[in-house]
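A short write-up of the structure that comes next.
A short reminder: the numbers here are calculations on the coordinates, not readings from a lab. Remember, it's a predicted structure, so these values are computed and weren't measured experimentally. Glycine gets a Cβ as well: all are built from the backbone with ideal geometry, and neighbour counts include every protein chain shown.
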Amino acid sequence: MACTPTLTLYAAHPQRGTAAHDAMGLLPTYTGIAVHDGYASYATYRACRHALCGVHLLRELTYLAEEEGAR
């Protein structure tokens, strides 16, 4: 799924990863900011900037606080 304030693109693929992203056709040419869950395959796309989704960022910070003792 990819969206703007006015448009949403949904695509289904039997895999999750670079093959699926390439088949969808958006990420290979995207030059904006991709907000996502940090799945490793997103890192293969260098034309765009990357940001971790807020919920996933909170999950990572919670792990650091609870499991690693970070404060």
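Against the chain, whose longest principal axis is taken from its Cα atoms, helix 54-67 shows a tilt of about 30°. Using the Cα coordinates of region 1-64, the gyration tensor eigenvalues translate into equivalent-ellipsoid semi-axes of 21, 14, 12 Å, sorted from longest to shortest. Near residue 34, the amide H atoms lying under 5 Å from its own belong to 49, 50, 51; only residues 5 or more places off or on other chains count, and H is placed 1.01 Å from N. Contact order, relative form, for the chain: 20 percent (alpha carbon pairs under 8 Å, 6 or more residues apart, mean separation divided by residue count). Placing unit charges on the Cβ atoms only, positive for Lys and Arg and negative for Asp and Glu, gives the chain a dipole magnitude near 240 debye about its Cα centre.
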